Amino acid sequence: MGTEAHIILGIESSCDETAVALVTADRRILAQRIASQEEEHAPYGGVVPEIAARAHAERLAPMIDAVMADADMDLDRVDAIAATAGPGLIGGVMVGLVSAKALAMAASKPLIAVNHLEGHALSPRLADETLAFPYLLLLVSGGHCQILCVEGVGQYRRLATTIDDALGEAFDKTAKILGLGYPGGPAVERLAREGDAKAVPLPRPLKGSKEPHFSFAGLKSAVLRAHESGDHKAADIAASFQQAAVDCLIDRLEKAIGEAGPFPALVVAGGVAANQTVRGALEDLAQRHTMRFTAPPLALCTDNAAMIAWAGSERLTLEPDFTGDPLDFKARPRWPLDPEAEAVRGAGVKA
Ligand code: KG4
Ligand code: ZN
């Protein structure tokens, strides 16, 4: 085990995607499947934890079977079983983690309990073998908005987080206000293309602040007021919101680079990294600071199991003699990547 070519089975079930993947140490994704629960949650305008847990419980076992068949793989040839053990919606996390424990026990393979955020943080290295440590990471998802210095596998320094809403959450709430449905990020981005980003005056919370953190709750309230005023087209509100959010990201990253930098590379990960306006602005920022810019391909940005398998693989490469996390490893609703970072009110539990 822990050889160059080890094979990891990865399981992800922390939010509304059930996903399974087989990934090798040399960055080959042998097979992967993903089932979104969008349809189940859409009527509620957000993820309902109980519905999510039940859907994971129904889908996961047949999906593991299917992924193994897709790759013509049997459990004996797999070197370890990696599963998201948190942070996330606890019912779903338990479904994935318990399944991984059962497989690990039955096949006498090591269990690797993966922090979902670490999956996002290391995913750019799955896509790009030349990306070396350290790098500056903007992690922007439905539950998190953080700036991290990724110093190595298992070594993360949090430089900033949100004091209220995550950025993906702000996109989702904006979509809800504008009646665009769930999930909101892609819908807001689409509508924003038809709007004028300067049309609606919106705040840039904490821009220029001495604090390193993000805040998006005030922006969301301003979107609601702009919508209720009836003075603006939905497309203009979407475009102006997106621009305000991007301005906040860039301002906070400038601060982080000024204080903790320079860094050789800027990396973006998490669901909001799928947003082209966000990517474009980050690319410009990186260029201004002569940093290299990397973003994983879209399929690796949103929740997936390849990133979980890959995080397991990185761990095994680092510790070839690792015998596995204990079978009583607890599912964790909260699990900060940087244990030293002070707790900040409002930072979400989803990733
Ligand atoms: O990382 P992720 O797949 O799941 C978790 O949050 O765990 O991120 C999902 C978030 C959602 O809030 C979604 O609206 C947002 O990422 N998102 C986007 C885009 N695609 C997904 N936000 C803005 N623009 C997008 N194109
Ligand atoms: Zn995520």
Summing +1 for each Lys or Arg and -1 for each Asp or Glu, what net charge is found among the other residues whose Cβ lies under 10 Å from the Cβ of residue 340? 0
Past 23 Å, Cα to Cα, is the threshold; run 173/330; 176/198; 173/255; 176/330; 198/233; 173/207 against it and keep the listed order. 173/330; 173/255; 176/330
Mind ranking 277-290, 53-66 by how tightly packed they are, going by the mean number of other C-beta atoms within 10 angstrom, highest first? 53-66, 277-290
What dipole magnitude, in Debye to the nearest 20, does segment 143-227 give about its Cα centre under +1 on Lys/Arg Cβ and -1 on Asp/Glu Cβ? 200 debye
Determine one quarter of the surface area of the Cα convex hull of the chain, which equals its mean projected area, and express it in nm² to one decimal. 16.5 nm²
Where trypsin sites (Lys or Arg not before Pro) fall in DSSP loop in segment 132-198, at most 15 other Cβ within 10 Å: 193, 198
Along each principal axis of its Cα atoms, how long is segment 1-134 end to end? Whole angstroms, biggest number first, please. 46, 37, 23
How many nm is it between the label spots at residue 323 and residue 130, if each spot is 7 Å from the Cα in line with the beta carbon? 4.1 nm
Of 44, 156, 182, which has the most accessible area and how do the rest follow, probe 1.4 Å? 44, 182, 156
Note to self: C-alpha centroids of segment 1-41 and segment 124-139 sit apart, in Å, by 19 Å
Stretched fully, the stretch from residue 70 through residue 225 gains (0.36 nm per residue minus C-alpha distance, one decimal, in nm) 50.8 nm
Given Cβ point charges of +1 (Lys, Arg) and -1 (Asp, Glu) and nothing else, what value in debye, to the nearest 20, does the dipole of segment 133-295 about its Cα centre take? 140 debye
If you place +1 on the Cβ of every Lys and Arg, -1 on the Cβ of every Asp and Glu, and leave all else neutral, what size is the dipole of the chain about its Cα centre, to the nearest 20 Debye? 800 debye
How far apart, in nm, are two points set 7 Å out from the Cα along the Cα-to-Cβ line at residue 151 and at residue 61? 4.4 nm
Using DSSP, restrict attention to beta bridges with both residues in segment 133-295 and report what percent are antiparallel, rounded to the nearest 5. 60 percent
Per-residue [θ]222 nm for the chain (sum of -39500 (n - 2.57) over DSSP H runs n ≥ 4, rounded to 500): -13000 deg cm²/dmol
Would you give the gap between the C-alpha center of segment 186-201 and the C-alpha center of segment 310-338, rounded to a whole Å? 41 Å
For segment 133-295, what is the Kirkwood hydrodynamic radius in Å, using each pair of distinct C-alpha atoms? 15.8 Å
Determine the per residue accessible area of the chain with all protein chains present and a 1.4 angstrom probe, expressed in square angstrom. 41 Å²
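The values are calculated or read from the model by the stated rules, or taken from the named source; none is laboratory data. A quick note: this is a predicted structure, and the numbers were derived from the prediction, not measured. A quick note on method: Cβ atoms are made from the backbone with ideal geometry, for glycine too, and the neighbour counts reach across all protein chains shown. For accessibility, only protein heavy atoms count, side chains too; no ligands or nucleic acids. Shrake-Rupley method; radii C 1.70, N 1.55, O 1.52, S 1.80 Å.
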